[in-house]
Amino acid sequence: MARIFCIANQKGGVGKTTTSVNLAAGLAAQGQRVLLIDLDPQGNATMGSGVDKRSLARSVYHVLLGLATIAQARVKSEAGGYDVLGANRDLAGAEVELVDLDDRETRLKTALVPVDADYDFVLIDCPPSLSLLTLNGLCAAHGVVIPMQCEYFALEGLTDLVNTIKRVHANLNADLKIIGLLRVMFDPRMTLQQQVSDQLEGHFGDKVFKTIIPRNVRLAEAPSYGLPGVAYDRSSRGAQAYLSFGAEMIERVKTL
């Protein structure tokens, strides 16, 4: 059975897509069968996996509207070694079209059932808003991985996200839980970041992943080459951190 995880945070620019792409590549590098679902109309996770979003014959848009199955729409990321259910601008229109459809919050969950046995992990890159698309991700998932920067405003946004997850858990998906918080873009030279990191560990305890993703130029460069950072420069600090995070995820899943 595939373990399905959303990479979510209502705050933009916190490294959700970087985490989704590199965790997928990090898990694939350790022999896991991985599907990465891009639920963001910007299609950055698709492009970052080396898949041209403009040339997609079928995308997650077609899957959500019942026009294609995941098996028909998925493509292989040669660079990352995992499958991608890509997104492009079409997905922006899905919000409006989904409103009138039955079971609009659970269409992704239903679509995943036939491919459940094909994967060990399904990762869903959510857009930075609580939209119908994010809701589809949260309803399909067993848990949420929250990437966050160790800054004051990130703590404010975290409270909102935790409340959202609680509401979805209570009303739509009783399986949903927070798997863990991942500290990203971390610079140990900044006192504030160290303080916020300590606060997170004090408040959330073992929900905070031990792996910390450093601020790293190679991770930032990788998408412009259509590569996950793990494939672009495997020896870089950022890539090594995501490989460690993949190993930690595999261990954490065993305890769920």
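If the requirement is being farther than 20 Å from Q10 by Cα, touching a strand residue (DSSP E or B) at 6+ places or on another chain (Cβ under 8 Å), among the aromatic types (F, W, Y) and at pLDDT 95 or above, which of these qualifies: Y232, Y242?
Being farther than 20 Å from Q10 by Cα, touching a strand residue (DSSP E or B) at 6+ places or on another chain (Cβ under 8 Å), among the aromatic types (F, W, Y) and at pLDDT 95 or above holds for just one of Y232, Y242, which is Y242.
If I filter the stretch 120-131 down to residues being in a loop (DSSP other than H, G, I, E, B) and crowded, with 22+ Cβ neighbours inside 10 Å, which single residue comes out as nearest to the chain's Cα centre (by Cα)?
Step by step, filter the stretch 120-131, then rank; the result is C126.
Quick one: how many residues across the stretch 154-175 are among the acidic types (D, E) and assigned to a loop (DSSP other than H, G, I, E, B)?
Summing the residues that are among the acidic types (D, E) and assigned to a loop (DSSP other than H, G, I, E, B) in the stretch 154-175 gives 1.
Any idea which residue in the stretch 176-188 is modelled with the highest pLDDT, counting only those that are over 9 Å from C139 (Cα atoms) and outside any strand (DSSP E or B)?
Among residues in the stretch 176-188 that are over 9 Å from C139 (Cα atoms) and outside any strand (DSSP E or B), the one modelled with the highest pLDDT is D187.
For the stretch 203-229, give me the residue count where each residue is part of a loop (DSSP other than H, G, I, E, B), surrounded by fewer than 22 Cβ atoms within 10 Å (Cβ to Cβ) and touching a residue at least 40 places away in the same chain (Cβ under 8 Å).
2
Within the group V162, V145, which residue is surrounded by 21 or more Cβ atoms within 10 Å (Cβ to Cβ) and closer than 20 Å to K207 by Cα?
The unique qualifying residue is V145.
With the requirement that a residue be modelled with pLDDT under 95 and polar (S, T, N, Q), what does the stretch 55-84 give you?
S55
With the condition kept exactly as written, say whether any residue in the stretch 37-44 is over 23 Å from A231 (Cα atoms), at pLDDT 95 or above and touching a strand residue (DSSP E or B) at 6+ places or on another chain (Cβ under 8 Å).
Checking the stretch 37-44: not a single residue is over 23 Å from A231 (Cα atoms), at pLDDT 95 or above and touching a strand residue (DSSP E or B) at 6+ places or on another chain (Cβ under 8 Å).
Which numbered condition trips up A87, out of (1) surrounded by 15 or more Cβ atoms within 10 Å (Cβ to Cβ); (2) at pLDDT below 95; (3) part of a loop (DSSP other than H, G, I, E, B); (4) aliphatic (A, V, I, L, M)?
(2)
With respect to E97, determine if the residue is in contact with a Gly (Cβ under 7 Å, 6 or more places away or on another chain), surrounded by fewer than 17 Cβ atoms within 10 Å (Cβ to Cβ) and charged (D, E, K, R).
no
State all residues of the stretch 1-36 that are basic (K, R) and either surrounded by fewer than 21 Cβ atoms within 10 Å (Cβ to Cβ) or out of contact with any strand residue (DSSP E or B) (no Cβ under 8 Å at 6 or more places or on another chain) (or both); if no residue qualifies, say none.
Correct list: R3, K11, R33.
What are the residues in the stretch 136-153 that are in a helix (DSSP H, G or I) and at pLDDT 95 or above, if any?
Residues satisfying the conditions are N136, G137, L138, C139, A140.
Give just the number: which of (1) among the aliphatic types (A, V, I, L, M); (2) more than 19 Å from the chain's Cα centre (by Cα); (3) surrounded by 14 or more Cβ atoms within 10 Å (Cβ to Cβ); (4) more than 21 Å from C6 (Cβ to Cβ) does A239 not satisfy?
(2)
Need pairs with beta-carbon distance below 7 Å; first residue in contact (Cβ under 8 Å) with a residue 12 or more places away in the chain and within the stretch 230-256, second among the basic types (K, R) and in a helix (DSSP H, G or I); sequence gap 6+ or separate chains.
Qualifying pairs under 7 Å: Y232/R218; D233/R218; S236/R218; G238/R218; A239/R218.
Restricting the first residue to the stretch 29-41 and requiring it to be more than 21 Å from A8 (Cβ to Cβ) and without any contact (Cβ under 8 Å) to a residue 24 or more places away in the chain, which pairs with a second residue that is in a loop (DSSP other than H, G, I, E, B) and of a type in the set (S, T, Y) meet a Cβ separation below 9 Å and a spacing of at least six or different chains?
From residues that are more than 21 Å from A8 (Cβ to Cβ) and without any contact (Cβ under 8 Å) to a residue 24 or more places away in the chain, there are no pairs.
The values are calculated or read from the model by the stated rules, or taken from the named source; none is laboratory data. Quantities reported herein were computed from a predicted structural model and do not represent experimental measurements. No Cβ is skipped: glycine too gets one built from the backbone with ideal geometry, and neighbour counts run over all protein chains shown.
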